[in-house]
Amino acid sequence: MTNDKQRIYSGDWKPLHPYTGSASTDLYYITLANKVLAAIRSIENDLAEDDYRKINPSEQKELACILTAYFEDVISQTGIFQAFSRVYQQKYGKPLPFYSLDSDYTPGEINTEDIQFLIWHYHMQLNNLDIAYSPALDTFAAIAADVMELFEAEYETAPENEKLLHYLQPDEKEQHNLYALHARFLWLCTQSYLFSNNGYLLEDQAEALADEAKENGLEDQIPDMVNQLCNDFGFNQVTEFMRLTPPHWLAEVLGPESPLYDSLRSMGHKYTGYYRYEGCDDRVTRFRHIATDRVLEVTNRSLVGLPRDMKNPSLILRTGFVEWNGEWWLSGQITSYEDSEDLIGQITGDDDEYNLFEPDDDLPDDEQQIILTDILSTTVGEEGQTLDESDTAWQAMLSDEIGEDFFIAQVEAGQIKGLQFYDDPGRLLLDNLRFVTEYIKR
């Protein structure tokens, strides 16, 4: 008899959905997810406990929900995976990395290769990229084939989740509301099945922020600080796929025909820092960034209902602004502070504030070379294990201090040798080098 804890229930399924309450299709997809779970479990049970490919029962449930949510996405025509496939096609000339696709592969419909790719993606994110899983692993292929059989049997009769589709299609009023759009692209890139690991990353950042606030005696400010973190994350997080941010992905999910496509694709970085009110007219309000003296003219439409004291020139404001449709908009929390020499000194002496509007640059090539040489010369791991060329090449791939372009150049020059997926001696990684490097070095 199956233990209740080994089954998928509503509480397991709902986190992958943006709405409160239930959809009329939930019971159908939860039932299907349990069939997917049984298919996964039958293969996982044949693996030894110490097999690096094996995942535990809780992880099996997560994976089953993710694969079922992919099926729901295709059936409901919400366009999440189709957007990924289209963007990848535009950049790399085919709809999916890694696999040789024949005429049976149809973008926008269910495909075995899509399922196998999602299984690889789940395992990579589950282990924080520490294990270089091969997308061609036999267990991944076996699970994908069995799950595809389940999906094919249901394909013609599966119900569309109209509630999910409606959520991802902003109405006319919402199309002009930055905050309504933010809620959608934040959900898409932190909780949807394709990007759910970013939600765990955001949780980790929020916990670290809260711990730091407690250490500094700022417990009362934690809600505002976390709110600001989530707001910034929604605008600025670079996702693992093609380096697109959440607004850009919502644009692709809506599609090029959407009236929102161009404005979402062109949405800029959000700059959260310390500002001072400078003045206003009937169209814009001006704020001066304290550390750089840069003045932003912010549309008054983004200031409706905000505190009056934000226009007090004697106060210092911590808030954020993002450029959208050629206008600056205020977004997120506003915290005000009394002006003081100490605070001004802290602000102007903060490198993050001073460089707020500057793009992040890679280290100079000579510094990256020193770091790379050090990594490649390491022969013993942290746990005393012997490291070979493939191990150190992967560690170089994971290094935040080695930039994407520099890394690829060194691989192509032959300085980084042995780069491959674990237990996969072929060229699968090298043939998809740019995609994998973007996936990791985002």
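Apply the a/c threshold of 1.5 to the C-alpha gyration tensor of segment 58-134 and tell me whether it is rounded, prolate or oblate.
Details: a/c = 1.95, a/b = 1.26, b/c = 1.55.
Here segment 58-134 falls in the oblate category.
Excluding F406 itself, what net charge comes from residues whose Cβ is under 9 Å from its Cβ, given Lys and Arg +1 and Asp and Glu -1? Kindly include the intermediate steps, with their values, before the conclusion.
Details: positive: none; negative: D362, D365, E404, D405.
Taking every Cβ under 9 Å from that of F406, the sum is -4.
Could you pull out every one of the lysines with an alpha carbon less than 24 Å from that of K91, ignoring same-chain neighbours closer than 8 positions?
In chain and number order, the partners are K441.
Leaving out ligands, DNA and RNA, what percent of the accessible area of the chain is carbon and sulfur, probe 1.4 Å? Show your work: numbers first, answer last.
Details: 9850 of 21540 Å².
After summing per-atom areas, the C and S share lands at 46 percent.
Express in Å², to the nearest 10, the accessible area of Y92 obtained by rolling a 1.4 Å probe over the protein heavy atoms while all chains stay in place.
70 Å²
Compute the relative contact order of segment 345-442 as a whole-number percentage, counting only Cα pairs closer than 8 Å that sit 6 or more residues apart in sequence. Let's see the in-between values first.
Details: 75 pairs, mean separation 23.2, N = 98.
With pairs under 8 Å counted, the relative contact order is 24 percent.
Residue-wise, which Karplus ³J(HN,Hα) couplings in Hz belong to segment 334-349, taking 6.51 cos²θ - 1.76 cosθ + 1.60, θ = phi - 60°, and x for glycine or proline?
So the Karplus estimates, Gly and Pro as x, are 10, 10, 10, 10, 5, 5, 7, 5, 4, 5, 4, x, 5, 5, 6, x Hz.
Given a cut-off of under 8 Å on Cα pairs at least six residues apart, what relative contact order in percent is computed for the chain? Write down the numbers at each step before the final one.
Numbers: 568 pairs, mean separation 55.2, N = 442.
Value for the chain: 12 percent.
Restricting attention to the alpha-carbon atoms of the chain, what are Rg (one decimal) and Dmax (integer), both in Å?
Rg, Dmax (Cα atoms, Å): 24.0, 71.
How much of D365 can a 1.4 Å solvent probe reach, expressed as accessible area in Å² and rounded to 10?
Here the residue's solvent-accessible area equals roughly 100 Å².
Cα centroid distance between segment 319-372 and segment 389-442, in Å?
Comparing the Cα centres of segment 319-372 and segment 389-442, I get a distance of 31 Å.
Assuming a ≥ b ≥ c are the square roots of the Cα gyration tensor eigenvalues, decide whether segment 207-294 counts as rounded (a/c under 1.5), prolate (otherwise, with a/b larger than b/c) or oblate. Intermediate results must be reported in sequence, preceding the final value.
On the way: a/c = 2.65, a/b = 1.26, b/c = 2.10.
Taking the square roots of the gyration eigenvalues as a ≥ b ≥ c, segment 207-294 is oblate.
Collect residues whose amide H, placed 1.01 Å from N in the peptide plane, falls under 5 Å from the amide H of V298; neighbours closer than 5 in sequence don't count.
Counting only residues 5 or more places away or on other chains, the set is T285, R286, F287.
Residue by residue, what Karplus-based ³J(HN,Hα) values in Hz, rounded to whole numbers, does segment 38-48 have, using 6.51, -1.76 and 1.60 with θ = phi - 60° and x for Gly and Pro?
Residue by residue, segment 38-48 yields 5, 5, 5, 5, 5, 7, 4, 5, 7, 8, 5 Hz.
Hand me the trypsin sites (Lys or Arg not before Pro) from segment 120-198 located in a DSSP loop with no more than 16 other Cβ atoms within 10 Å, in residue order please. All intermediate terms of the calculation are to be shown ahead of the outcome.
Numbers: sites: K163, K173, R184; in loops: K173.
Passing sites in segment 120-198 are K173.
Tilt of helix 222-236 relative to the longest C-alpha principal axis of the chain, in degrees (0 to 90, nearest 10)?
That helix lies at roughly 70 degrees to the long axis.
Using θ = phi - 60° and the Karplus relation 6.51 cos²θ - 1.76 cosθ + 1.60, list the HN-Hα couplings for segment 253-259 in order, rounded to whole Hz, with x at every Gly or Pro.
Coupling constants for segment 253-259: 5, 5, x, x, 7, 5, x Hz.
Taking every Cα atom in segment 53-185, find the radius of gyration and the maximum pairwise distance Dmax, and write them in Å.
16.3, 49
Once you order the gyration tensor axes a ≥ b ≥ c over the Cα atoms, which shape class does segment 290-442 get: rounded for a/c under 1.5, otherwise prolate or oblate by comparing a/b with b/c?
Since a/c reaches 1.5 and a/b is larger than b/c, the shape of segment 290-442 is classed as prolate.
Helix 80-92 against the longest principal axis of the chain: what's the angle in degrees, Cα atoms only, rounded to the nearest 10?
Once rounded, one gets 90 degrees.
Taking the Cα atoms only, what angle lies between the long axis of helix 389-398 and the longest principal axis of the chain, rounded to 10 degrees?
It works out to around 30 degrees.
The values are calculated or read from the model by the stated rules, or taken from the named source; none is laboratory data. As the structure is a computational prediction, the values presented were derived from the model and not from experiment. Neighbour counts run over all protein chains shown; Cβ positions are idealised from the backbone, glycine included. The protein model used for the area step is the full one, side chains on, heavy atoms only, and it has no ligands, DNA or RNA in it. Shrake-Rupley method; radii C 1.70, N 1.55, O 1.52, S 1.80 Å.
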